[in-house]
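Single-structure report; data block below.
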Amino acid sequence: MSAKSPSGDPIECAAAELLETLAKSEGLQSVVDAGSAMLENPVIVSDKGWNLMAMTAGVEIPDDAGWNEFMHGGALSPDTVSSNIKSKLADRIERSETPFCAREQGMKYRRMFGKVSLGGRHAATVSALAYFKPFAERDFEIMTLLCNAVSAEVQKNKYLYFSRGLPYEDLIVNLLEGRVRDESVIEENMRALNLSVKKYIRALAIDLMGFDKEQFSASYMRDFIEKLLKGSKAVLYGDRIVAITSHDSAEKFSGADLPQIAEFLRKYSMRCGVSRCFEDFSALREHYFQAIEALRLGPRQNDEAQVYFYDDYAILHIARLCAESADLRTLCHPKLSRLFKYDAARGTAFTRTLRVYLRCARNITDTAAALHMHRNSVIYQLHRIEEMLDVRLSDGDALLHIELSFRFMEYGEGENASK
């Protein structure tokens, strides 16, 4: 060690070494490196959300899951965090005033844990792995000194370690609440924050109502969603996580993103509404409301899904707005009831054929495939429908009215099912 105590006591030497490291002001990594050398074992410093702040560099521990999650992902996975909470490890760290040892799921090697406090509150955790050698009695005192040194280093620049990018979060929340509207002001803010946004933007609203808050904090989930959706920015807003994604393509998501986010949401009982694409960041507020509308309408039509795109529910949104000012039945095409009565009386399925025909963009071949019918049978049924309704299927206005009528009925069915 470069600094030595006159007595040669190892604890005093450790304290002197850490003080010298702090005096050099070389950052948290230098404190971790010094602590790792004193403990002769690898060290991790993580915040309360189990996000990596610093760890011993150049140490490969392939058989320890937790070490590798920090090393390669920058945070513990939700499964590991859940396990730590269920085993009361997180609670024990929170309550403990002195370092202690434990070995939980995902830990191949025994660990020593120490709490880092700022202003009397738990702000971070230091953990050391008994990888190179077992812990000795003096290591508990060294861990206490290391936690104090980490606290002192972090206090030099708390914003660097714990800010969570608050400036861009403030901008997003101001946009969501409509406090900032001027495009030039928004552009100036984005430049000042170095907020890089690609051409095609989407707003995602992730509902936390079904989420188990006993297992994870909402802030942890926000951080994890940002990692899943590379390049996204997420904020906590009310009972939701709002994420802003941007892409070079107008596609809904890249091929890898959608299945991954859907599986994640399913696992943790969350759902997500997704807005249409937009290109102007100042339009965030209205597109956030689209995502909310998709969340409102989607589960009524498809309770099994996790991700709902507003594009799929825009007509149902029209139906909901109409229902607020009128009885939807009075807005439906008056002749459509004839078809329902005919099918009910004779056990036929003309209504289904017409609905599928409209869903298939009036393509007879696609309709036949969807109904598993011969093409000629579809043509025959469509002729019979024209006769019964006294409507030509070449009449665009009439078909639009009929299609809207079906969507109004779907909305009504969804409303009844949700009651």
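The values are calculated or read from the model by the stated rules, or taken from the named source; none is laboratory data. Remember, predicted model here, so these are calculated numbers, not experimental data. Note that we place each Cβ from the backbone using ideal geometry, even for glycine, and neighbour counts take in every protein chain shown.
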So the check is Cβ under 7 Å with 6+ separation or different chains; which pairs have a first residue in the range 331-354 that's in the same structural domain as Leu400 (by TED's automatic domain parsing) and a second one that's small (Gly, Ala, Ser)? Cys332/Ser405; His333/Ser405; Leu336/Ser405; Asp343/Ala349
Does any residue of the range 84-96 turn out to be exposed (fewer than 13 other Cβ atoms within 10 Å of the Cβ) and over 29 Å from the mean Cα position of the chain (by Cα)? yes
Only one of (1) free of Cβ contacts under 8 Å to residues at least 40 places away in the same chain; (2) out of contact with any strand residue (DSSP E or B) (no Cβ under 6 Å at 6 or more places or on another chain) is not met by Lys115, so which one is it? (2)
Evaluate the following for Val378: is it among the β-branched types (Val, Ile, Thr), more than 27 Å from Gln290 (Cβ to Cβ), assigned to a loop (DSSP other than H, G, I, E, B) and not assigned by TED's automatic domain parsing to the domain that holds Val274? no
Residues that are free of Cβ contacts under 8 Å to residues at least 40 places away in the same chain and farther than 26 Å from Leu229 by Cα: does the range 75-84 have at least one? no
Restricting the range 359-374 to residues that are surrounded by fewer than 18 Cβ atoms within 10 Å (Cβ to Cβ) and in a helix (DSSP H, G or I), which is nearest to the chain's Cα centre (by Cα)? Arg359
If we ask which residues in the range 256-271 are at negative phi and in contact with a Gly (Cβ under 9 Å, 6 or more places away or on another chain), their number turns out to be 3
Selection from the range 271-312 of residues out of contact with any strand residue (DSSP E or B) (no Cβ under 9 Å at 6 or more places or on another chain) and over 30 Å from Glu188 (Cβ atoms) yields Arg300, Asp303, Glu304, Asp312
